[in-house]
Amino acid sequence: MGLVTVVRHGQASSFGKTYDQLSDTGQQQGRLLGDYWADRGIQWDRVFVGPRLRHRETEGWVARAYRVRGLPWPEAEMLPALDEIDMAKVISHLAGKPNSDSESMHLHEVPEEDRPQALKAMFARMAGITRDYAARRLVVPGAETWEEFKARAGRVLGLMVGSGKGKRVVAFSSGGLTGMLVSCALDLEDDKTIDLMMQVRNSSYTSFLYSPGKCTLTSFNAVPHLYPDMWTVG
């Protein structure tokens, strides 16, 4: 059987002016994942990476761990379909600030001591908005619909499992896409899918076994390379 593994990017800069880059913690999470896999001799036949900087940076840290050990790491293939659902556009629309995710989502002005609670509140807000979006109670012109996102996830999963018999494939993406891939494999209801999306930890990996005509979830949200004090979801 073949294996597809999807990695959520390391912690992004939720409290920086630019969200789409790894924080110091995110960089360390990516490095630790690379060390964990490389030290165990885990090999990959294909590597896919999503279009966001945080996707590419996470892949870069894992690749570096392999290369410093002289281990093979396939050249990463850019795959735009691994992109996150564009909730930034949705939230910006609600805030009346088109394409202004830096103003509507970033928390860089929140005092240090208030940031844990602010991040929790942001995720609760995003979960509620995503439920409205999935149920079509919220429509944003020009944004990908929930149904389109679901269809995209199905296509990208099909593309990866089409890599060939017994191939080991790894992809770097985001939490929303990871949750939707699990949903596609298990045929989950939308509410369960959104619950999964909100649980995906930074630098965690989720794996599927595949054979002709079959794709089965074998692990979800795995972080054996991290101590609990490095479990983050931002």
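Bear in mind that the values in this text are calculations on the coordinates, not laboratory data. Since we're looking at a predicted model, the values are computed, not measured. As a convention, Cβ positions derive from the backbone with ideal geometry for all residues, glycine included, and neighbour counts pool all protein chains shown.
As a length-normalised measure over Cα pairs under 8 Å and 6 or more apart, the relative contact order of the chain settles at 32 percent. The angle between the Cα long axis of helix 175-186 and the main principal axis of the chain comes to about 60°, on a 0 to 90 degree scale.
Arranged from fewest to most other beta-carbon atoms within 10 Å of their beta carbon, W61, W44 become W44, W61.
The calculated Kirkwood hydrodynamic radius for region 118-203 is 14.1 Å, given to one decimal from all distinct C-alpha pairs.
Each residue of region 72-79 is assigned a 3J(HN,Hα), and the resulting list reads x, 9, x, 4, 5, 9, 5, 9 Hz, derived from the Karplus form 6.51 cos²θ - 1.76 cosθ + 1.60 (θ = phi - 60°), x at Gly and Pro. Ordering W73, W231 from the fewest to the most neighbouring beta carbons within 10 Å gives W231, W73. Here the chain is described by how far its Cα atoms reach on the three principal axes: 48, 40, 27 Å, from widest to narrowest.
Counted by Cβ distance under 10 Å from A143, the other residues give a net charge of -2, where Lys and Arg count +1 and Asp and Glu count -1. Principal-axis analysis of the Cα atoms of the chain puts helix 146-161 at an angle of about 10° to the longest axis.
Net charge of the neighbourhood of V47, taken over other residues with C-beta under 15 Å away and scored Lys/Arg +1, Asp/Glu -1, is +1. If you take all other residues with their beta carbon under 13 Å from the beta carbon of L157, and give Lys and Arg +1 and Asp and Glu -1, the sum is +3. Annotation: amide H of A171 within the under-5 Å range of T5, V6, V7, F48, sequence separation 5 or more or interchain, hydrogens built in the peptide plane. Evaluate the Debye formula for region 46-94 with equal point scatterers sitting on the alpha carbons, no solvent, and hand back log10 of I(q)/I(0) at q = 0.14 Å⁻¹, in q order, two decimals. Debye intensities relative to I(0), on a log10 scale: -0.45.
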